[in-house]
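Novice: First the structure, then my questions, so here it is.
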Amino acid sequence: MENNKFVIAVYVDNQAGVLTRVTGMFTRRGFNIDALTVGETERPEYSRITICMSGDKYVQEQLINQLKKLLVVKKVEVLSDEPIKRELMLIKVKNEAENRQEIMTAVDVFRASVIDYSTEGMCIEVTGNPSKIDAFVKLMQPFGILEMCRTGIVALDRGTVTLFNK
């Protein structure tokens, strides 16, 4: 991954306050998180936290060691250099007659979906690699972005290897 970016997958107990404990560890050590997502896993008793960060091998090792010390953490791994990464974005853009066809062409090219439509604006759902999301945002800027939100990266290693069978 470019610019010393890496993705950490953390399985934690699925209970209240866990995210605060995990992110608090990053805050106390002065590390910045580029993206963070959390959700229940295939095992309802666990949640998976996916953290995207920048740093060298030393930073990776330090974070892994500190995370493993937390009682709520069950498994921690740095994902491979090229994991499967996806992100979801909802973006609301101005819907002006003179730009409508260009916006709809971009929606088709990016395999996005219009999920809400009015004469003043449209809300578009885009999923894919973070670079795809960035490109779509850049393309929509001249049309007038009214609002947008991004989920952050979710990632899995390729193949049949899982965090629990490594």
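Novice: Yes or no: ILE64 in the same structural domain as ALA35 (by TED's automatic domain parsing), closer than 24 Å to THR23 by Cβ, touching a residue at least 12 places away in the same chain (Cβ under 8 Å) and among the aliphatic types (A, V, I, L, M)? Please lay out each step first, then the result.
Specialist: On the way: in the same structural domain as ALA35 (by TED's automatic domain parsing): yes; closer than 24 Å to THR23 by Cβ: yes; touching a residue at least 12 places away in the same chain (Cβ under 8 Å): yes; among the aliphatic types (A, V, I, L, M): yes.
For ILE64, the condition - in the same structural domain as ALA35 (by TED's automatic domain parsing), closer than 24 Å to THR23 by Cβ, touching a residue at least 12 places away in the same chain (Cβ under 8 Å) and among the aliphatic types (A, V, I, L, M) - is met.
Novice: Which residue is nearest to LEU36 (Cα to Cα), if the candidates are limited to segment 108-151 and must be assigned to a helix (DSSP H, G or I) and of a type outside the set (A, V, I, L, M, F, W, C)?
Specialist: Ranking the qualifying residues of segment 108-151, first place goes to PRO130.
Novice: With the requirement that a residue be β-branched (Val, Ile, Thr) and in a loop (DSSP other than H, G, I, E, B), what does segment 11-51 give you?
Specialist: Taking segment 11-51 first, the residues β-branched (Val, Ile, Thr) are 12, 18, 20, 22-23, 27, 33, 37-38, 41, 49-51.
ILE33, THR41 - these are the residues of segment 11-51 that are β-branched (Val, Ile, Thr) and in a loop (DSSP other than H, G, I, E, B).
Novice: Follow-up. It is to be established whether one or more residues within segment 111-123 are in contact with a strand residue (DSSP E or B) (Cβ under 6 Å, 6 or more places away or on another chain) and of a type in the set (Asp, Glu). Walk me through how you get there before you give the answer.
Specialist: Of all residues in segment 111-123, those in contact with a strand residue (DSSP E or B) (Cβ under 6 Å, 6 or more places away or on another chain) come to 112-116, 121-123.
Restricting the remaining residues to those that are of a type in the set (Asp, Glu) gives 116.
Among the residues of segment 111-123, at least one is in contact with a strand residue (DSSP E or B) (Cβ under 6 Å, 6 or more places away or on another chain) and of a type in the set (Asp, Glu), which makes the answer yes.
Novice: Is it true that ILE91 is crowded, with 16+ Cβ neighbours inside 10 Å, of a type in the set (Val, Ile, Thr) and more than 21 Å from THR50 (Cβ to Cβ)?
Specialist: On the way: crowded, with 16+ Cβ neighbours inside 10 Å: yes; of a type in the set (Val, Ile, Thr): yes; more than 21 Å from THR50 (Cβ to Cβ): yes.
Yes, satisfied.
Novice: Take the residues in segment 67-104 that are basic (Lys, Arg) and part of a strand (DSSP E or B); name whichever of them is nearest to VAL12 (Cα to Cα). Before you say what the answer is, go through the steps one by one.
Specialist: Start the filter on segment 67-104 by keeping residues that are basic (Lys, Arg), which leaves 68-69, 74-75, 85-86, 92, 94, 100.
Keeping just the survivors that are part of a strand (DSSP E or B) gives 74-75, 85-86, 92, 94.
On the way: LYS74: 5, LYS75: 7, LYS85: 20, ARG86: 21, LYS92: 34, LYS94: 41 Å.
So, considering only residues that are basic (Lys, Arg) and part of a strand (DSSP E or B), the one nearest to VAL12 (Cα to Cα) is LYS74.
Novice: Further question on the same structure: What number of residues within segment 136-166 are over 13 Å from ILE91 (Cα atoms), among the aliphatic types (A, V, I, L, M) and surrounded by 15 or more Cβ atoms within 10 Å (Cβ to Cβ)? First the steps, then the outcome.
Specialist: First, pick out the residues of segment 136-166 that are over 13 Å from ILE91 (Cα atoms): 142, 152-166.
From what's left, among the aliphatic types (A, V, I, L, M): 153-156, 161, 163.
Within this subset, residues satisfying the condition of being surrounded by 15 or more Cβ atoms within 10 Å (Cβ to Cβ) are 153-156, 163.
Number of matching residues: 5.
Novice: Also, quick follow-up: Here are the criteria: (1) modelled with pLDDT of 90 or more; (2) under 19 Å from ARG150 (Cβ atoms); (3) among the acidic types (Asp, Glu). Tell me which single one ASP13 does not satisfy.
Specialist: Condition (2) is where ASP13 drops out.
Novice: So, VAL154, is that one closer than 30 Å to ILE8 by Cα and at pLDDT 95 or above or not?
Specialist: Working: closer than 30 Å to ILE8 by Cα: yes; at pLDDT 95 or above: no.
Spelling it out, it is not the case that VAL154 is closer than 30 Å to ILE8 by Cα and at pLDDT 95 or above.
The values are calculated or read from the model by the stated rules, or taken from the named source; none is laboratory data. These figures come from a predicted structure and were not determined experimentally. So basically every Cβ, Gly included, is an ideal-geometry build from the backbone, and we count neighbours across all protein chains shown.
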